[in-house]
Amino acid sequence: MSDIFEKVAELNLDRSGWQLVKFGDVAIQQKKTVDRDNTELTRYVKGEHMYSEDIHLREWGELKDEYLGPAFIRKFEEGDILYGSRRTYLRKVVVAPFDGITSNTTFVIKANEKLIDRRLLPFIMLSEGFTQHSIINSKGSVNPYVNWKDLAGYEFLLPPEAIQAEIVNLLESQGHYFENIKNSLKKVSTYYESLLNDFSSELKSGWSLKPLKDISKINRKTLGSKTPKNYQFRYLDLTSITAPKILGEMKKIKYAEAPSRAKRVVENKSSIIALVRPYQKNIVFIEDAYDVISSTGTAVVVAGDRINSRFLFHQFFSNRFLRFCERMMTGTTYPAITSDDLGLFKVALPNNKDEQDNLAKLLDEVESNISRLHKLEEKIFSLQKSIINQVF
């Protein structure tokens, strides 16, 4: 990855020879329509299939599998750019890997290859300048949209052909590296999930199912009303989780300035579980809980003496636990489970403590690899944004 950083530094960003162009000069809107009853096309793309700031199309639908409304008439061809014209702050820009159909609210775009390298155009559309232009020119409040005419008026400096090729090569090398990381992450995550589900899908010989309340303590302790207002503690905000089990830095905060629900006392070597929307997997393990406080909307689970605390922690990411939460949740706007409900979850445990320790070590190693890959993924993603915004 250091090579990519070096290439960024080597880019010739002397813009004196660059040409001021409008987006409409380098991008051509396609308006071919499809009669869905008389077409050989089999696949379609919805806005939900397009991921924010990801030019790769990773999902799509089959025409035979789902009814589509009358808006799905727009034809696209392999290599075309699909751009979500609604809520453009989501930055949905993908390059189509096949011919297909999309809705008339998705712009289908071809590059004017007389002026621009077609591989460069989707990256320009992910730039901060292009996005802000589309947001400023959007109409409507509930579901804002941008017109092609307004989008086409966006102006930017276009480098000469040789510099375009350099930029594309740099972004593509970064993209290949990113995809390799993403594929590795998928494989390791699948392995982690298979381990967990193998432990708990069928009860193995020498294992038993035990209610969580019988093998752990679920801490309900909160800060007292007499806590000094200037008392400082580290607030554990589960919403700061940026990837599975990766928690942002806990900042010190005064009791008087804390959110009203920030009262739950956290203990050492405990699993902190969000009781609201538990299916989002907002769960972390705290080794050193000195002066740590979390929300009263969390449960603090402390393993018993004969239970490996890390092995127990990993069980909260199993399919069995997610299915349990789905059964026990109440409420619609903020579906949640209670601490008492949580205590009823039956944990699959090897009766031999040594086996717990060995399995916990294995799961920790796999989790460590997942965390490392997530951090690499974020670093490369940030680098791509930096390159695009440096250039455009």
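Can you work out the Karplus-derived ³J(HN,Hα) for every residue in segment 334-347? Use 6.51 cos²θ - 1.76 cosθ + 1.60 with θ = phi - 60°, whole Hz, and x for glycine or proline.
My calculation for segment 334-347 gives 10, x, 8, 10, 9, 4, 5, 4, 4, x, 7, 4, 8, 8 Hz in order.
Here are labelled values, (i) 24.5, 83; (ii) 21.0, 75; (iii) 25.9, 74, and one is the computed Rg and Dmax of the Cα atoms in Å for what I pasted. Which one?
Working out Rg and Dmax of the Cα atoms in Å from the coordinates points to (iii).
Neighbour counts of other C-beta atoms within 10 Å: give me 311, 98 arranged from fewest to most.
The fewest-first ordering by Cβ neighbours comes to 98, 311.
Roughly what % of DSSP beta bridges within the chain run antiparallel, to the nearest 5?
Beta bridges within the chain, antiparallel portion: roughly 90 percent.
Of the candidates 350, 159, 144, which one comes out as most mobile in a Gaussian network treatment of the chain with C-alpha springs shorter than 10 Å?
Result for the chain, Cα springs under 10 Å: 144 fluctuates most.
With a Förster radius of 22 Å, plug the Cβ-Cβ distance of residue 223 and residue 344 into 1/(1 + (r/R0)^6) and report the FRET value to the nearest 0.05. Before the final figure, lay out the partial values.
Numbers: r = 27 Å, r/R0 = 1.23.
About 0.20, to the nearest 0.05.
Going by average Cβ neighbours within 10 Å, how do the peptides 213-226, 367-380 rank, with the highest at the top?
Result, highest mean first: 367-380, 213-226.
Taking only Cα atoms and a 10 Å spring cutoff, compute GNM fluctuations for the chain and point out the largest among 152, 274, 256.
256
May I ask you to evaluate 6.51 cos²θ - 1.76 cosθ + 1.60, the Karplus curve with θ = phi - 60°, for each residue of segment 107-121 and list the ³J(HN,Hα) values in order in whole Hz, giving x for glycine and proline?
6, 9, 10, 10, 7, 7, 6, 6, 10, 9, 5, 4, 6, 7, 4
In what order do 82, 236 fall by count of nearby beta-carbon atoms within 10 Å, going from fewest to most?
On the way: 82 24, 236 21.
Placing the least packed residue first, the sequence is 236, 82.
Please report 227, 190 as a ranked list, fewest other C-beta atoms within 10 angstrom at the top and most at the bottom. List each step's numbers first, then the result.
Working: 227 15, 190 10.
With the fewest neighbours first, 227, 190 line up as 190, 227.
Comparing 64, 75, 254, which has the greatest mean-square fluctuation in the GNM of the chain with Cα pairs linked when under 10 Å apart?
64
Taking +1 at the Cβ of each Lys and Arg and -1 at the Cβ of each Asp and Glu, which of 16, 388, 324 sits farthest along the dipole of the chain towards its positive end, judged by Cα position relative to the Cα centre?
Positive-most Cα among the choices belongs to 324.
Peptides 16-24, 258-266: what's the order by average Cβ count within 10 Å, highest mean first?
258-266, 16-24
Testing the spin-label approximation: label points 7 Å from Cα along Cα→Cβ at residue 205 and residue 29. State their distance in nm.
Result: 7.0 nm between the two label points.
Read-outs throughout are calculated quantities, based only on the coordinates presented, and are distinct from any laboratory measurement. Remember, predicted model here, so these are calculated numbers, not experimental data. Because the Cβ atoms are built from the backbone with ideal geometry, glycine has one as well, and the counts that use them run over all protein chains shown.
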